[in-house]
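The values are calculated or read from the model by the stated rules, or taken from the named source; none is laboratory data. Remember, predicted model here, so these are calculated numbers, not experimental data. Every residue, glycine as well, gets a Cβ built from its backbone with ideal geometry; the counts of neighbours run over all protein chains shown. We work out accessible area using only protein heavy atoms, side chains counted, and drop any ligands, DNA or RNA first. Shrake-Rupley method; radii C 1.70, N 1.55, O 1.52, S 1.80 Å.
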Amino acid sequence: MTSLGIYIQVPFCQTKCTYCNFHTGVVSAARFKPYVDAVCAEIGGYREFYAKAGIELPRAFSHAVVDSIYIGGGTPSLLDPVHLGRMIEAIRGTFACDLREVTLEADPETVTAEKAGAWVAAGIGRISFGVQSFCDAELQAAGRMHRRADVFRAVPLLRKAGISNISLDLIAGLPGQTAGSWRDSLEQLAALRPEHVSIYLLEVDEGSRLGSEILRGGTRYSAGRVPSDDEMAEFYETACEFLNRAGFRHYEISNWGQTGFESRHNLKYWRREAYLGFGAGAHSFSGEQRWANAHDAASYVAAIGAGRLPIEQLETVTRESALEEELFLGLRKLDGIDVGLIERRYGVAVESRFERLMKAGLIEREGSWVRLAPGKLSVANEVFVELMK
């Protein structure tokens, strides 16, 4: 191990979006400082916390260097910049660091010139915006606080402060979205010239108010106006074509970047590299174990204050599980996976797993490399299910 990623979870929002299935909450700002205190305590005492919780870090961790920090949520840009700086300094004071990428998730309406300057001073050099849409009607239906004008106001403020790496997210499938409004969102996004773009399909599950309403056949939260699965797939394909022409490199199913601006931190997830998560609901992976903190922020703060880590799940990754993760996480990357390397690493033959998928035209082979076939990215989940059979 030579590099390590750090993720900090800030589970607070101004409001709960209708499509959100994350464990976040709307709380008083008075709860921010105690939460940050707890995160800093967890970072500083992580080895002791892990030992009590039965987490055994590999020896390689003693030589690891943190090269990426990702502060996500929630809406971490709600925190006072001083709080964000404290958490970053806690990392610097605990780990060997050679920080190449420090990302903050932010909502456009929370950005001010003063905050932007303070973020840069704290060492934050990358901002990830959950824009979701540039159509105000779609944003309103989804329960978002910002509007198109907020995005166009915020980006120049970040640029002026010295932020040279901005990522914008869009969601395909929001209520009321049409082929025309989707293309307009893509064009508005391109006009802002971000370094990175993420495109996500609307998730429909019981974890969100909108998803639950759709599954019940109801009409609340504009559930009856959600585009069909086929329309969402068409929106995704439109984005692939548009972003390619706009000069973005498609490097992972949901992610595009200008050359050299691929997300260093998120690539760790898809490459199965080590990362440690701090805060309520944060997940970690050591290469040998996976674990997650309990999601409730108040319970998390109380547990850390009592000197224990509130672990919600802890599992040792078996060799079989690791192999499966190599396959389906690796195929999320557009470059694909090196079959020969995986076979040598795990001492197993995996060629037979790909035969039926290749015959169906879902994947393609080039030498030792296997990747999803062009035009089949929108059905990637179905490919992964078949691959695991």
I need the phi-derived Karplus couplings for region 125-136: 6.51 cos²θ - 1.76 cosθ + 1.60, θ = phi - 60°, integer Hz, Gly and Pro marked x. x, 9, 10, 10, 9, x, 6, 6, 6, 9, 9, 4
Rg to Rh for region 29-120: what is it, with Cα atoms only and Rh by Kirkwood? 1.01
Would you list MET388, MET358, MET87, MET145 from the most to the least accessible area, probe 1.4 Å? MET145, MET358, MET388, MET87
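If the viscosity is 0.692 mPa s and the temperature 37 °C, what translational diffusion coefficient in µm²/s does Stokes-Einstein give for region 200-315 when Rh comes from Kirkwood over Cα pairs?
185 µm²/s
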From the residues GLY361, CYS13, ALA38, which one has its Cα farthest along the dipole of the chain in the positive direction, the dipole being from +1 and -1 charges on Cβ of Lys/Arg and Asp/Glu about the Cα centre? ALA38
Where nothing but the Cβ of Lys and Arg (+1) and of Asp and Glu (-1) is charged, how large is the charge dipole of the chain around its Cα centre, in debye to the nearest 20? 680 debye
Inter-site label distance for THR219 and MET358 at 7 Å from Cα along Cβ, in nm: 5.3 nm
Between SER299 and VAL65, 0.36 nm times their residue separation minus their Cα-Cα distance comes to what? 81.2 nm
Among 11-19, 374-382, 311-319, the order from most to least packed when residues are scored by Cβ within 10 Å on average: 11-19, 374-382, 311-319
Mind jotting down a quarter of the surface of the convex hull over the alpha carbons of region 18-177, in square nanometres, one decimal? 10.8 nm²
Expressed in nanometres to one decimal, the distance between label points 7 Å along Cα→Cβ at LYS389 and ARG92 is 5.3 nm
Roll a 1.4 Å probe over the protein chains and send me the accessible area per residue for region 261-383 in Å². 47 Å²
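What translational diffusion coefficient, to the nearest whole µm²/s, does region 285-361 have by Stokes-Einstein, given a Kirkwood radius computed over alpha-carbon pairs, a temperature of 20 °C and 1.002 mPa s viscosity? Please report the intermediate quantities before stating the final value.
Numbers: Rh = 15.4 Å.
Here the translational diffusion coefficient equals 139 µm²/s.
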Vicinal HN-Hα couplings computed from phi for region 299-305 (Karplus, 6.51 cos²θ - 1.76 cosθ + 1.60; Hz; Gly/Pro x): 5, 4, 4, 5, 5, 4, x
What FRET efficiency do you get for LEU314 and ALA29 if R0 is 30 Å and r is their Cβ-Cβ distance, rounded to the nearest 0.05? 0.40
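Rounded to the nearest 500 deg cm²/dmol, what is the calculated helix-only ellipticity per residue at 222 nm for the chain, with -39500 (n - 2.57) per DSSP H run of length n ≥ 4? Numbers along the way, then the final one.
On the way: 15 runs with 157 residues, N = 389.
Taken over the chain, the calculation gives -12000 deg cm²/dmol.
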Averaging over all projection directions, find the projected area of the Cα convex hull of region 275-330 and quote it in nm² with one decimal place. 4.1 nm²
Per residue, how many Å² of accessible area does region 1-148 show with a 1.4 Å probe? 39 Å²
Karplus (6.51, -1.76, 1.60) ³J(HN,Hα), θ = phi - 60°, over region 312-323, in Hz, Gly and Pro reported as x: 8, 8, 8, 9, 8, 7, 6, 4, 5, 5, 4, 4
Taking 1 over the mean of 1/r across every pair of different Cα atoms in region 254-389, what Kirkwood radius in Å do you get? 17.0 Å
Length gained when the stretch ALA373-GLU56 is fully extended (0.36 nm per residue, less Cα-Cα span): 110.2 nm
Roll a 1.4 angstrom probe over the protein heavy atoms and tell me the percent of accessible area of region 74-137 that is carbon or sulfur. 50 percent
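Can you run the Rg to Rh ratio on the chain? Use alpha carbon positions and the Kirkwood inverse-distance Rh.
Details: Rg = 21.1 Å, Rh = 22.1 Å.
Taking Rg over the Kirkwood Rh, I get 0.95.
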Place a +1 charge on the Cβ of each Lys and Arg in region 75-141 and a -1 charge on the Cβ of each Asp and Glu, then give the dipole magnitude about the Cα centre in debye, rounded to the nearest 20. 340 debye
Hey, any idea what % of region 189-333's accessible area is carbon plus sulfur with a 1.4 Å probe? 45 percent
Identify which of TRP291, TRP369, TRP119 has the largest mean-square fluctuation in a Gaussian network model of the chain, with springs joining Cα atoms closer than 10 Å. TRP369
